[in-house]
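The values are calculated or read from the model by the stated rules, or taken from the named source; none is laboratory data. From a predicted model like this one, the values you see are computed outputs, not experimental measurements. Methodologically, a virtual Cβ is constructed for each residue, glycine included, from the backbone with ideal geometry; neighbour enumeration extends over all protein chains shown.
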2 protein chains.
Amino acid sequence: MDRIVEVISKMLASNKFSAIKEMLSEMNVVDIASLIEEFETEEQQVRLFRLLPKQSSADVFSYLDNEIRTNIVNAITNKELSFLMEDMFLDDAVDFLEEVPANVVTRVLAQTDSNTRNLINKFLQYPENSAGSIMTIEMVSFPETYTVKQAIEQIRATALDKETIYTCYCTDGKRKLVGTVPLRRLIVSPEDTVVKDIMYDDNQLIFVNTLDDQEEIADIAKKYDLLSVPVVDKECRLVGIITIDDIVDVIEDENTEDFEKMASLLPSEDEYLKTSVFSMFRNRIVWLLILMVCGTFTSLIIEGFEAKLPFIIGLTAAIPMLMGTGGNCGNQTSTLVIRGLALGDIEIKDYFKVLWKEIRVAVLCGIILAVANYGRMWITKILTGSEIENNTFIIVSLAMAVAVIVAKAIGCSLPILAKLMHLDPALMAGPMITTIVDVITLLIYFAIATVFVQYGLVTA
Amino acid sequence: MDRIVEVISKMLASNKFSAIKEMLSEMNVVDIASLIEEFETEEQQVRLFRLLPKQSSADVFSYLDNEIRTNIVNAITNKELSFLMEDMFLDDAVDFLEEVPANVVTRVLAQTDSNTRNLINKFLQYPENSAGSIMTIEMVSFPETYTVKQAIEQIRATALDKETIYTCYCTDGKRKLVGTVPLRRLIVSPEDTVVKDIMYDDNQLIFVNTLDDQEEIADIAKKYDLLSVPVVDKECRLVGIITIDDIVDVIEDENTEDFEKMASLLPSEDEYLKTSVFSMFRNRIVWLLILMVCGTFTSLIIEGFEAKLPFIIGLTAAIPMLMGTGGNCGNQTSTLVIRGLALGDIEIKDYFKVLWKEIRVAVLCGIILAVANYGRMWITKILTGSEIENNTFIIVSLAMAVAVIVAKAIGCSLPILAKLMHLDPALMAGPMITTIVDVITLLIYFAIATVFVQYGLVTA
């Protein structure tokens, strides 16, 4: 790609516009958008964009990032802007306007006809991440009383302005959504069939509400393998559709949000390289501070036992390894449970099944880890010639086995508890679990050590 | 849903089959599959399945899970089985056969005609997760020399057997893929247009190879917003397509794999509740053992310094909190970088940009955390009346600031290094980073403490 950027830069500099136009007309709109983003100066980017054939400029525009889009809007004439807005699908236009400075929004809206302007204003009012905010109005819909012939004629006449024509929506006299019919069905049916007789209706009709959350919509589309999901208002009137390409974006956004929450980050919608240092700092520091303050508990426990318990060689040295293992065990379990809840494989009612499974896995892991730890400490002792007593190995191994079981029990319980309380289970991931498991592990560890000292099993 | 299960159980018991059939014919195939899975006995499940109308049984079958599918195959007659296999899309049949016991595969293959049998055998040989293993052959393709009229006639005649008809594939005399044409374009074009003149070809033609990895295919489909991706063999001949519903599944599988790797689990393709305790144990114990053995380093460091450094009140007590904070910082960074690499927002060449950004974020986080930690320790001292010296707070805060910066630098470097070495960056997540950061944090901590002791800044 780098060579092509170089060549086009030179062509731009020597005004070889028609040759550039020829090149661009051979390329896919997505690739043109990536190409424009690779140019260094704003001027080059805008000039290249203006060389695009009119029919693909709106498409390319919708794949560009917001910074470049804002630059383009600032550089083009009102007439060009008005053409661009008319040619964009409504959902792309709304997407763009949600992210740019207010003065750009004002200028853009001034260049659209009043009808579109009203629609855009309405769409901008839907809550973030609701069906209304990501839907588009460019769908095919017709009365259920149409014949197949009438339906296909309407599709032919309007197909170019629709975001998808592959699922068509059927309405009754009051614009209520009453059925869907795939283009596939229309095409194979005799011309005089009435649409009502071949459409999917009643239990087979799947739709969402304007205020439904995008995550639910993605789940529905995945479950039923839909190419588009119809959106209705409170009166069940068809107001828009959400297409599979936007649903795929929602799926990826929701996954990213889960990854972020699980790493104790505040979720951010921006790409890594486009997020400012300050907002990165803000997204991270909140949880870091909370978790650090929670660390006070572990410090207090250690201080308390240091005061009470006589010094045992090797006891404190094992703390990081012990807590690390507990944290890793809890992390494994909480990740599996959080993911299972997100994908619908696990539900709240499965809690006891999950807990019972985790306890069995934990017992297996705990035994193996305890035995391996004993061996590890014994080998280390031989290699380093340290004076740690063998009974100290037993304290560490016992504490480890118990910690593993506790960690796995907590790791599966907290995400399900969060779900039960209508919180996001992803918040109950690694760092949160680790902090709780740390405290419990330490208490178990010192309790076992105290018993060993009381019975004279280790030299204090 | 529970009441419907109860009602149908009773209806099954009293042989009210035609009423059940009526009910099922009103339901969506996906919902029927979930319904069947809710019945308790194998017998009920199989009986319900056999009551399905013939035209939807293959569809419902492809949404059932493997255990029930195997039971059904074992219970139905050869004739029913043969009908079922004929009616299933090839990719669904292959999916099913990949997961069931060998004796079931043998019986199923015996009931298919030799043509399908050969195809299935060929598909079963493609490597797991390759394009070949997830593609289907039920696509619409015709010679580029067809007119629009001929093309639409062919679609009408064969649409019912095709997995999608919305993107059609054009081939030359040698069955090579030379272009694609959306049904939308065919429908709006005059009947006598030659397909060659309206198809997307050359740079606009996007396809994958049978051996390409499914992750790449998902990336391509996402990037270009495709409803289906054509698959070609080494000679560029069209051999199949992959449809968007399967691509959505691939996206979710790949995300799950990343979640699992990032929590130091071996990836598993099974649902949580359907994975046996033993395979869960196996998937978890490997990394737990490796990370535990790595814990030897932290133990050795602490033992080493315990021997050299005089006892300072409060110093060891702060270790868990200090290491926790370092781990959390590294975890945040590595998660963002791993996700950025997976989504293509970050590339290897961006390494220095990423590092520079992380260092700035880390300095901000480090300063705030160090100051907050000083305050936290000071307040704790007042509340508990402990004898920790104020200079010990400075040791901990200084070590924390340095640890944060080191953790963030490592957290962004390791995933990019993994990518450079063609390893999966997701392996360089939380637990791995934490283990490395732990060691470095401890070394920094004790080094600072040693300096403070040397200069008499704390009472030893």
Is it the case that residue A:60 is β-branched (Val, Ile, Thr) and facing chain B (nearest Cβ under 10 Å)?
-> no
Among the candidates B:213, B:246, B:192, B:233, which residue alone is touching a residue at least 40 places away in the same chain (Cβ under 8 Å) and either outside the structural domain of residue B:154 (by TED's automatic domain parsing) or touching a strand residue (DSSP E or B) at 6+ places or on another chain (Cβ under 6 Å) (or both)?
-> B:192
Taking residue A:458 as the residue in question, decide whether it is β-branched (Val, Ile, Thr), closer than 20 Å to residue B:326 by Cα and in contact with a Phe, Trp or Tyr (Cβ under 7 Å, 6 or more places away or on another chain).
-> no
Would the stretch B:275-285 turn up any residue that is under 20 Å from the mean Cα position of the chain (by Cα), of a type in the set (A, V, I, L, M) and more than 8 Å from chain A (Cβ to nearest Cβ)?
-> no
In the stretch A:75-85, is there at least one residue being in a helix (DSSP H, G or I) and modelled with pLDDT under 80?
-> no
For the stretch B:410-449, how many residues meet the condition of being surrounded by 15 or more Cβ atoms within 10 Å (Cβ to Cβ) and under 20 Å from residue B:322 (Cβ atoms)?
-> 21
Can you name every residue in the stretch B:232-263 that is over 16 Å from the mean Cα position of the chain (by Cα), farther than 15 Å from residue B:168 by Cβ and buried (at least 23 other Cβ atoms within 10 Å of the Cβ)?
-> B:242
Residues satisfying the stated conditions in the stretch B:385-409, i.e. assigned to a helix (DSSP H, G or I) and either surrounded by 24 or more Cβ atoms within 10 Å (Cβ to Cβ) or small (Gly, Ala, Ser) (or both) = B:395, B:396, B:397, B:399, B:400, B:401, B:403, B:404, B:407, B:408, B:409
Determine which single condition residue B:122 fails, assuming it passes every other condition in (1) within 27 Å of residue B:168 (Cβ to Cβ); (2) crowded, with 18+ Cβ neighbours inside 10 Å; (3) within 29 Å of the chain's Cα centre (by Cα); (4) not β-branched (Val, Ile, Thr).
-> (2)
Of the listed residues (B:395, B:388, B:444, B:448), the one being in contact (Cβ under 8 Å) with a residue 40 or more places away in the chain, in contact with a Lys or Arg (Cβ under 6 Å, 6 or more places away or on another chain) and closer than 25 Å to residue A:296 by Cβ is B:388
Flagged in the stretch B:216-237 as within 14 Å of chain A (Cβ to nearest Cβ) and within 13 Å of residue B:133 (Cβ to Cβ), in numbering order, are B:217
Selection over the stretch B:289-317 where residues are at pLDDT 75 or above and assigned to a loop (DSSP other than H, G, I, E, B) yields a count of 1
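Here is a yes/no grid of residues against (1) of a type outside the set (Gly, Ala, Ser); (2) surrounded by fewer than 17 Cβ atoms within 10 Å (Cβ to Cβ):
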{"position": "B:9", "(1), (2)": "no, yes"}
{"position": "B:29", "(1), (2)": "yes, no"}
{"position": "B:42", "(1), (2)": "yes, yes"}
{"position": "B:52", "(1), (2)": "yes, no"}
{"position": "B:56", "(1), (2)": "no, yes"}
{"position": "B:59", "(1), (2)": "yes, no"}
{"position": "B:67", "(1), (2)": "yes, yes"}
{"position": "B:76", "(1), (2)": "yes, no"}
Report, ordered by the first and then the second residue, all pairs with beta carbons closer than 7 Å, sequence separation of six or more or different chains, a first member in the stretch A:361-382 that is over 11 Å from residue A:400 (Cβ atoms) and at the interface with another protein chain (Cβ under 7 Å from one of its Cβ atoms), and a second member that is buried (at least 17 other Cβ atoms within 10 Å of the Cβ) and among the charged types (D, E, K, R).
-> A:361/A:408; A:361/B:284
Of everything in the stretch A:24-74 that's in contact with an Asp or Glu (Cβ under 8 Å, 6 or more places away or on another chain) and part of a loop (DSSP other than H, G, I, E, B), which residue is modelled with the lowest pLDDT?
-> A:26
Do we find that residue B:194 is closer than 25 Å to residue A:221 by Cβ and among the aliphatic types (A, V, I, L, M) in this structure?
-> no
Of all the residues that make up the stretch A:288-299, how many are more than 7 Å from chain B (Cβ to nearest Cβ) and surrounded by 16 or more Cβ atoms within 10 Å (Cβ to Cβ)?
-> 2
May I ask you to list pairs of residues, at least six apart or on different chains, whose Cβ atoms are under 6 Å apart, with the first in the stretch B:5-33 being within 10 Å of another protein chain (Cβ to nearest Cβ) and the second being of a type in the set (Lys, Arg) and surrounded by 15 or more Cβ atoms within 10 Å (Cβ to Cβ)?
-> B:30/A:223
Hey, any hits in the stretch B:435-458 for a residue that's in a loop (DSSP other than H, G, I, E, B), modelled with pLDDT under 80 and closer than 14 Å to residue B:331 by Cβ?
-> no
Residue check, residue B:171 touching a residue at least 40 places away in the same chain (Cβ under 8 Å) and more than 30 Å from residue A:150 (Cα to Cα) | yes
Which numbered condition residue B:352 fails, given (1) over 25 Å from the mean Cα position of the chain (by Cα); (2) facing chain A (nearest Cβ under 7 Å); (3) free of Cβ contacts under 8 Å to residues at least 40 places away in the same chain = (2)
Restricting the stretch B:139-168 to residues that are in contact (Cβ under 8 Å) with a residue 60 or more places away in the chain and farther than 14 Å from residue B:199 by Cβ, the one nearest to the other protein chains (Cβ to nearest Cβ) turns out to be B:166
Residues located in the stretch A:160-215, provided they are among the β-branched types (Val, Ile, Thr) and closer than 26 Å to residue B:161 by Cα | A:164, A:165, A:167, A:180, A:181, A:187, A:188, A:193, A:194, A:195, A:198, A:206
Residue within the stretch A:316-327 that is within 9 Å of chain B (Cβ to nearest Cβ), within 25 Å of the chain's Cα centre (by Cα) and crowded, with 21+ Cβ neighbours inside 10 Å present | yes
Members of the stretch A:256-287 that are in a helix (DSSP H, G or I) and in contact (Cβ under 8 Å) with a residue 24 or more places away in the chain = A:257, A:258, A:261, A:262, A:274, A:287
